[in-house]
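Shown next, in structure tokens, is the structure this report addresses.
Rule-based calculations on the coordinates, nothing more; no lab input. From a predicted model like this one, the values you see are computed outputs, not experimental measurements. Please note: Cβ atoms are built from the backbone with ideal geometry, for glycine as well, and neighbour counts cover all protein chains shown.
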Amino acid sequence: MPQELMYQIALTRIPLIGDVIIKKLLEHFGSAGNIFKAKKYELEKIETVGSIRAAALCNFRDFAPIAAEIDFIEKYRIQPLFCTDPAYPQRLLHCYDNPAMLYYKGSAILNPPRIVNVVGTRHPTPYGRAICETLVKELAAAGITIVSGLAYGIDMIAHKTALKEQTPTIGVLAHGLDRIYPLAHKQMAVEMLEQGGLLTDFMSQTLPDKQNFPKRNRIVAGISDATIVIESGVRGGSLITADLANGYNRDVMCIPGRLNDPQSAGCNYLIKHNKAVLLTGAADVLELMGWQDTPRPSVSGVVQPGLFPELTADEQLIMSLFREKSRRHLEELYLQTRLSGSQVATAVFNLEMQSVLRSLPGQLYELI
């Protein structure tokens, strides 16, 4: 059993030790393993820890469920992401209550250049459905990753449209990765693993209980550059996501609706109280976020197989990705090639030297 991973997961299971406390401990001790090896008096010295939490840490012995979870992670090739992992969603790190541990399965990178969440009612009108499909289609054309919560209604429409447009889409779950809720979305979730991913901060065997959904919403809001609400009641879960996004200093945008339409009451409320910008289409999103420089779309056949026979096997593997999409993030290359960091770095450097790739700001690379 990987020792450090065991300690990382254990930190999330100790009573009274929440995400904020975990980060305080990490600042002082550097790693989860060091926290568990610390003496009680050393733990008590940390601000906000105190004697009760220190005792809870020192007395923790319930490692059997953690061993089972690590077996589950290894069996299903799930990626555990502790908050100190370079692959952890960096936008989330700027949120004071970001989860210490995440569990991820999928092909999409979690730190893309542009990422927004699209949320809304579970019972959209034909108007809301059409707006969502059009908006996501236009956002996909601008190279924007789409996040939502895999729920009925607007969430499902956003994911399904992103899949149709072949743009990455990430579903954030309110339960463990051993199940899909609602079950009706299981097939869509399977498709998302190939063209996106599923993300949660809950261990396997966790049920989709009511109290888990607000926790899920903080990830939806925090992982994104902006939150887009399409139809919501005044007490909808989408308003929770919007409030969280505002608290994280993220942009919130809403599609307005008719004054007497209950499905739009939440959106109209957010706009009226200056908690969201009125949104009329994808062009508004691009302008507000400063994303008018739309990434160059993928061109089929830009690089023909065998065009660079002098390339190494690693370089050929990386070039095969650029045949599918001419602009890629460095982390995307790590995840999709399964090469080591040094192998990717060497191959990318050699491709730059041969004027095959050019580097762009933000660890992006583009085919020349």
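Some notes on this structure:
- Cα centroid separation, the range 132-181 to the range 93-126 (Å): 9
- In loop segments of the range 1-103 as defined by DSSP, the GluC sites (Glu not before Pro) with at most 11 further C-beta atoms inside 10 Å of their C-beta are 47.
- The residues 82, 60, when put in order of fewest to most other Cβ atoms within 10 Å, stand as 60, 82.
- Available extension along the chain between residue 312 and residue 127 is 61.4 nm, counting 0.36 nm per residue and deducting the alpha carbon span.
- With a cut-off of 13 Å between beta carbons, the residues surrounding residue 49 carry a summed charge of +2, where Lys and Arg count +1 and Asp and Glu -1.
- For the range 57-142, projected area of the alpha-carbon convex hull averaged over all directions, nm²: 9.2
- Inverse mean reciprocal Cα-Cα distance (Kirkwood Rh) of the range 1-74, Å: 12.4
- Helix-only mean residue ellipticity at 222 nm for the chain, each DSSP H run of n ≥ 4 adding -39500 (n - 2.57), per residue, nearest 500: -12500 deg cm²/dmol
- Isolated Cys residues of the chain, judged by Cβ distance under 4.7 Å to other cysteines: 58, 83, 95, 132
- The range 106-289: Lys pairs at Cα distance under 25 angstrom, eight or more positions apart or on different chains: 10
- Neighbour cut-off at most 13 other Cβ (10 Å), DSSP loop, trypsin sites (Lys or Arg not before Pro), the range 33-99: 39, 45, 61, 77
- FRET E, pair residue 41, residue 16, Förster distance 25 Å, beta-carbon r, rounded to 0.05: 0.90
- Within the range 177-250, the trypsin sites (Lys or Arg not before Pro) that combine a DSSP coil assignment with at most 13 other C-beta atoms in a 10 angstrom radius are 210, 235.
- Simple spin-label estimate for residue 368 and residue 166 in nanometres, 7 Å along Cα-Cβ: 2.6
- Within the chain, percent of DSSP bridges classed antiparallel, to nearest 5: 40
- Rounded, prolate or oblate (a/c below 1.5 giving rounded, otherwise prolate when a/b exceeds b/c) for the chain by Cα gyration tensor: oblate
- The chain - charge dipole about Cα centre, Lys and Arg +1 at Cβ, Asp and Glu -1, debye rounded to 20: 820
- Computed across the range 149-203, the Kirkwood radius stands at 11.0 Å (inverse of mean 1/r, all Cα pairs).
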